[in-house]
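Structure record follows, encoded as structure tokens.
The values are calculated or read from the model by the stated rules, or taken from the named source; none is laboratory data. In this text, all values refer to a predicted model and were calculated from it rather than measured experimentally. Cβ placement follows ideal geometry from the backbone for every residue including glycine, while neighbour counts extend to all protein chains displayed. The area values use the complete protein model at the heavy-atom level, side chains included, leaving out ligands, DNA and RNA. Shrake-Rupley method; radii C 1.70, N 1.55, O 1.52, S 1.80 Å.
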Amino acid sequence: MAADILQTPLDGRNLISRAEAHAQERWPRLLAYIPRMADPHTTSNANSPVQSLLKEDRIFPPTAAQATALGGAWCASMDEYRTRHARSIADPEGFWSEVAQDLDWFTPWSKVLEWNCPDAKWFVDAKTNICHNALDRHVLAGHGHEVGIIWEGEPKRENGTPEVKHLSYGELLEEVCRCSNALKSLGVKKGDVVTLYMGMVPELAIAMLACARIGAAHSVIFGGFPAPAIVDRMLDAKSGVIVTCDGAWRRGQVVPLKKNVDEAIALLSAQNHKVEHCIVLHRTKNQIDWHAGRDHAWHELVGAQSDECDCEPMDSEDLLFLLYTSGSTGKPKGIRHTIGGYMVYTAYTAQQTFSLRAGAGQVYWCTADIGWVTGHSYIVYGILPNRVPSLMYEGAPNFPGDDRFWEMVSRHHVTHFYTAPTAIRAFMKWGDEHPAKHDLSSLKVLGTVGEPINPEAWMWYHQNIGGSKCPIVDTFWQTETGGHVLTPLACTTPTVPGSCTLPFFGIDAAVVDENGVEVPANCGGLLVIRKPWPAMLRGIHGDRARFIETYWSRVKGMYLAGDGARRDERGYFWIMGRIDDVLNVSGHRLGTMEVESALVSHEAVVEAAVVGMPHDIKGTGIAAFVSLGPHATPSDELKAALREHVSGVLGPIAKPDMIRFTQALPKTRSGKIMRRLLRDVAAGRDSKQDTTTLEDLNVLAALRGNEE
Ligand code: WTA
């Protein structure tokens with residue numbers, strides 16, 4: 001089998017070319033139940049094998065030394081956590097109005113919360129600006145010279161050093177003002193949606209803040225996506241302005257961002273959607289086409305502007321950004337986040353979860369790409385208001401060597417390191433010697449996000465990266481939740497490998513059955529949040545019906561996360577994976593239907609079914625069962641062509657790990673594809689599924705016989 005190209009969870013780019021799937025041997029305990037849990041009908045079955053699979057007894061209480069190293073705990077004890085949590089649920093308005101006082105508001109709110117399920121308004125009538133709270137507030141308080149963003153480029157010079165920039169709040173503010181003025185000069189105004197399709201350069205954070213400053217919403221598109229993704233998102237958002245780069249560095253190669261944008265703009269104009277302006281940051285200096293009048297060089301346009309620009313006073317409920325994420329249909333959803341609640345919640349979760357403290361010598365590094373919600377909330381919006389420098393890295397974790405991250409931790413004296421389980425499993429695979437070569441003693445808090453972490457990876461992270469002295473915060477949250485919803489607090493919560501522990505303040509989370517009734521301890525069920533919280537999504541852009549249907553209709557009056565979960569005797573939450581047709585591949589969400597549509601758009605394919613399969617690095621890999629048309633012949637070349645085709649439509653993240661050609665797909669007599677069966681086939685398991693409804697038993701036999 002050809003080596004798989006794996007995408008990092010966090011930058012979505014080619015990470016390793018040597019990942020082979022040996023999931024069952026590697027970490028059977030966690031993987032074994034995920035596909036089963038993907039079926040909601042088994043989630044409430046107390047006899048499910050799930051119940052016995054995760055018996056994790058190791059517990060890691062935070063120590064006094066850890067709290068001292070972080071300048072003291074924000075929450076002194078679990079008793080205090082319980083008291084504060086109980087108050088946040090009983091009196092959300094009182095609780096959040098106190099938290100919100102720590103930020104600046106131009107006009108105070110008349111009411112903290114207006115809740116009309118599923119519509120929430122937080123800090124009603126208040127006026128503020130998130131850019132003011134991220135930058136101006138610090139400059140006005142005399143901290144303008146302190147570092148806000150540390151940036152490191154991927155390429156290294158001949159002497160082995162990379163390009164590094166330290167941008168102070170004062171410098172950031174000036175560049176943001178210039179960028180705001182540049183956008184205004186192109187006619188961008190309050191309420192417009194500006195598309196940002198860039199690499200991990202500081203100008204991406206600057207452009208986001210510049211939009212926020214003038215009241216334009218941004219829609220960041222991950223730089224690893226191909227042109228069709230730009231087309232869909234710009235159309236949906238009715239966005240007529242895009243900011244991009246000539247290219248982005250990725251493992252020593254240039255990703256041709258501007259070329260993708262040109263292609264997308266051409267496709268858009270064929271659909272009568274005009275992209276008026278394209279601002280281009282020259283980063284990689286690759287050859288690009290230039291369309292005079294439409295294209296503007298960042299250094300000329302932005303560079304020529306005044307470094308002063310007043311913040312637009314924004315209503316708390318004005319749109320801050322759209323961020324597209326996969327759902328169970330073929331079309332990505334534009335998740336809407338508004339300003340006030342998101343600002344308060346991301347800043348507060350960042351502070352409390354990670355134990356951030358301004359002026360305490362902390363350096364925080366989240367390795368996510370800003371193209372995902374993790375980068376929005378925990379590189380930019382949640383971190384800058386806390387006045388702790390946020391490290392942003394441009395490239396791949398294994399370029400030029402497998403120790404790049406650890407070298408960076410040591411060089412920048414990183415105190416907080418936040419990454420994804422997929423990345424951790426890749427680090428494990430690359431070998432203990434890489435972190436061992438570097439001084440990681442500056443680290444004080446480790447974090448994970450994006451997917452369930454298997455206890456083996458948790459322990460490896462704890463020992464090899466954290467030197468057995470750092471708390472690990474396993475933060476469960478979603479694009480829709482805006483910020484952490486289930487998470488340990490670094491100095492407070494005893495952790496258990498594999499559990500995201502307890503709800504954050506203000507989060508009334510539960511595991512329930514279809515009727516909204518809580519299930520007993522250790523029984524699987526649906527993860528819901530029963531009360532509104534400040535950073536909750538405010539809708540799906542342009543699709544009210546889908547918003548209600550996806551999140552609010554299955555269990556009445558509760559937010560349905562779309563994940564299966566259980567709570568143990570301590571009340572700790574264990575996430576068991578998605579219950580819808582969404583795969584979590586390397587921590588990235590992908591709709592099975594998106595991949596199926598991409599496959600079917602290839603001329604050789606008649607029908608395709610896509611399911612998740614265990615993968616020892618990605619967590620979940622993509623298995624595709626494909627029926628071909630009469631003129632196509634199954635071959636390895638065709639498999640390779642299909643993988644490339646999917647990559648061209650959805651990006652390399654979506655390349656199937658396994659493609660199996662089949663005469664027919666296993667269907668019920670009513671024509672429904674039996675996905676559970678396919679999941680078992682893909683995982684190489686003997687299926688315990690009931691096959692009595694299977695239309696043609698021969699199909700299953702054929703599938704089983706047709707091993708890769
Ligand atoms: C999964 C990423 C287990 C989950 C911030 C969720 C997790 C989806 C965790 C959201 C975690 C995220 N443990 N599973 N700590 N964090 N997930 O929108 O399935 O890209 O629904 O947001 O990732 O993915 P999204």
The extension gain from GLU93 to LYS437, computed as 0.36 nm times the residue separation minus the Cα-Cα distance, is 118.9 nm
Computed over the chain, the relative contact order (Cα-Cα under 8 Å, seq sep at least six) in percent reads 16 percent
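Can you tell me, using C-alpha contacts under 8 Å and at least 6 residues apart, the relative contact order of the range 582-704 as a whole percent? Mind dumping the intermediate values first?
On the way: 196 pairs, mean separation 27.2, N = 123.
RCO, the range 582-704: 22 percent.
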In debye to the nearest 20, the charge dipole size for the range 582-704, taken about the Cα centre with +1 at each Lys and Arg Cβ and -1 at each Asp and Glu Cβ, equals 380 debye
Filtering trypsin sites (Lys or Arg not before Pro) in the range 607-657 by DSSP loop and by at most 15 other Cβ atoms within 10 Å leaves none
Other residues with Cβ under 13 Å from the Cβ of ALA350 give, with Lys and Arg +1 and Asp and Glu -1, a net charge of +1
Percent of all Cα-Cα pairs per 5 Å bin for the range 499-542, counting from 0 up to the last occupied bin, reads 5, 19, 23, 22, 18, 9, 3, 1
Checked the range 621-668 against the a/c 1.5 cut and the a/b vs b/c comparison, axes a ≥ b ≥ c from its Cα gyration tensor; verdict oblate
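Among 464-473, 430-439, 92-101, how do they line up from the highest to the lowest mean number of other beta-carbon atoms within 10 Å? Provide the component values of the computation, followed by the final result.
Working: 464-473: 19.3, 430-439: 14.7, 92-101: 17.0.
Final packing ranking: 464-473, 92-101, 430-439.
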Restricting to aspartates and glutamates and to Cα separations under 12 Å from LYS121, and discarding same-chain partners fewer than 8 apart, the set is GLU93, ASP315, GLU317, ASP318
Nearest-0.05 FRET efficiency for ARG546 and LYS156 at R0 = 30 Å, using Cβ-Cβ distance, is 0.05
Projected onto the charge dipole of the chain (unit charges on the beta-carbon of Lys, Arg, Asp and Glu, signs +1, +1, -1, -1), the Cα from GLY684, ASN272, GLY215 with the largest positive-side position is that of GLY684
Placing one equal point scatterer on each C-alpha of the range 582-704 and summing with Debye, one gets log10 I(q)/I(0) at q = 0.17, 0.20 Å⁻¹ equal to -0.84, -1.14
So LYS429 and VAL517, fully extended at 0.36 nm per residue minus their Cα-Cα distance, gain in nm 27.5 nm
Sorted by accessible surface (1.4 Å probe, heavy atoms of the protein chains only), largest first, TYR348, TYR381 come out as TYR348, TYR381
Simple SL model, points at 7 angstrom along Cα→Cβ for ARG411 and GLU603; separation in nm is 4.8 nm
So, over other residues within a Cβ distance under 12 Å of SER442, counting Lys, Arg +1 and Asp, Glu -1, the net charge is +2
Stretched fully, the stretch from GLN271 through ALA292 gains (0.36 nm per residue minus C-alpha distance, one decimal, in nm) 5.4 nm
Projected onto the charge dipole of the range 582-704 (unit charges on the beta-carbon of Lys, Arg, Asp and Glu, signs +1, +1, -1, -1), the Cα from VAL610, LEU650, LEU638 with the largest positive-side position is that of VAL610
Sorted on mean Cβ neighbours within 10 Å (highest first), peptides 328-334, 160-166 come out as 328-334, 160-166
The simple spin-label model distance between ASP104 and LYS189, using points 7 Å out along Cα→Cβ, in nm, is 2.6 nm
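Based on the Cα atoms of the chain, what semi-axes does the equivalent ellipsoid have, where each is the square root of 5 times one gyration tensor eigenvalue, given in whole Å with the largest first?
36, 31, 26
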